[in-house]
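*Asks:* Handing you a structure now.
Every number here is computed from the coordinates shown, using simple stated rules; none is lab data. Quick caveat, the model's predicted, so the values are computed rather than measured. Cβ: placed from backbone, ideal geometry, glycine included. Neighbour counts: every protein chain shown.
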Amino acid sequence: MTSENLITNDRKMTSLFERYLTVWVMLCIAGGILLGKIAPGLAKSLDGMAITVNGAPVVSIPIAVCLFFMMYPIMVKIDFAEVIKAGKSGKPVLIFPEATRTHDGNLQSVKGGISFLAHSAVVPVVPVYIKGSFNVWPRGAKTIKFSPVAVFFGKPLYFEEFLKQAQYTKASEAYQPFAERIMENIARLKNEN
């Protein structure tokens with residue numbers, strides 16, 4: 001493939017929103033300032049719509065809604081082909097199968113997406129347990145604490161082998177059970193260490 005082909009195959013900013021994102025952000029900022037000048041009572045009431053912790057505002061709901069609408073067009077354009085290509089590249093890809101941070105330091109329920117990626121990229125999954133990370137930065141904490149952290153690696157798991165052993169008729173039926181097998185291995189690493 002020539003460099004000319006590589007250039008023409010690059011993803012283009014096709015939507016109006018993508019091409020003028022900077023303009024959109026500047027208009028939102030200007031609109032917020034203008035709203036504060038024209039209708040200060042409305043601005044104060046919008047500012048009061050927040051999720052608070054111990055009396056301090058943590059998340060402004062209007063800002064969160066605006067951010068969601070700004071990010072949504074980008075989120076729906078995630079190119080899973082690129083994610084799979086990254087997996088096939090031979091370089092390690094780190095994915096947290098729970099898809100979120102823990103609230104209490106315990107392992108959470110797993111999502112089947114990790115199995116889909118392992119199956120699509122035809123790569124092994126290495127279960128990893130990170131001991132002590134919750135103590136370093138618990139969810140909701142504003143600062144990082146210095147605390148020991150250790151990383152433990154399990155044996156690689158192969159989706160194709162799991163599929164054959166479990167005798168599923170379709171790969172998609174095995175996504176959630178394979179993801180649960182990964183979490184069982186992570187739980188075993190946690191209990192052993």
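*Asks:* Find how much the distance from I38 to I144 grows on full extension, using 0.36 nm per residue of separation minus their present alpha carbon separation; answer in nm with one decimal.
*Replies:* Full extension of this stretch gives 34.1 nm more.
*Asks:* Going by how many other Cβ atoms sit within 10 Å of their own, how do R181, R139 line up, fewest first?
*Replies:* By the 10 Å Cβ count, ascending, the order reads R139, R181.
*Asks:* If you don't mind, another one. Would you calculate the separation in nanometres between label points at L21 and E173, each defined as 7 Å from the Cα along the Cα-to-beta-carbon direction?
*Replies:* 4.2 nm
*Asks:* In addition: If one computes the Cα centroid of region 161-176 and of region 80-108, what distance in Å separates the two points?
*Replies:* Region 161-176 and region 80-108 have Cα centres separated by 20 Å.
*Asks:* Could you tell me the calculated FRET efficiency between K155 and T102, based on Cβ-Cβ distance and R0 = 35 angstrom, to the nearest 0.05?
*Replies:* 0.90
*Asks:* If you count, for each residue, the other Cβ atoms within 10 Å and average over each peptide, how do 106-112, 164-170 line up from highest to lowest?
*Replies:* With the highest mean Cβ count within 10 Å placed first, the list reads 106-112, 164-170.
*Asks:* Output the peptides 27-39, 122-134 sorted from most to least packed, where packing is the average of other Cβ atoms within 10 Å over each peptide's residues.
*Replies:* Most protected by this proxy first, the peptides run 122-134, 27-39.
*Asks:* Now for a separate question. Assuming 0.36 nm per residue, please report the length gained on full extension of the stretch A64 to I95 beyond their Cα-Cα distance.
*Replies:* 8.6 nm
*Asks:* Still on this model: What lysines does K190 reach when the alpha-carbon gap must be under 27 Å and sequence neighbours fewer than 8 apart in one chain are set aside?
*Replies:* Cross-link targets: K91, K111, K131, K142, K145, K155.
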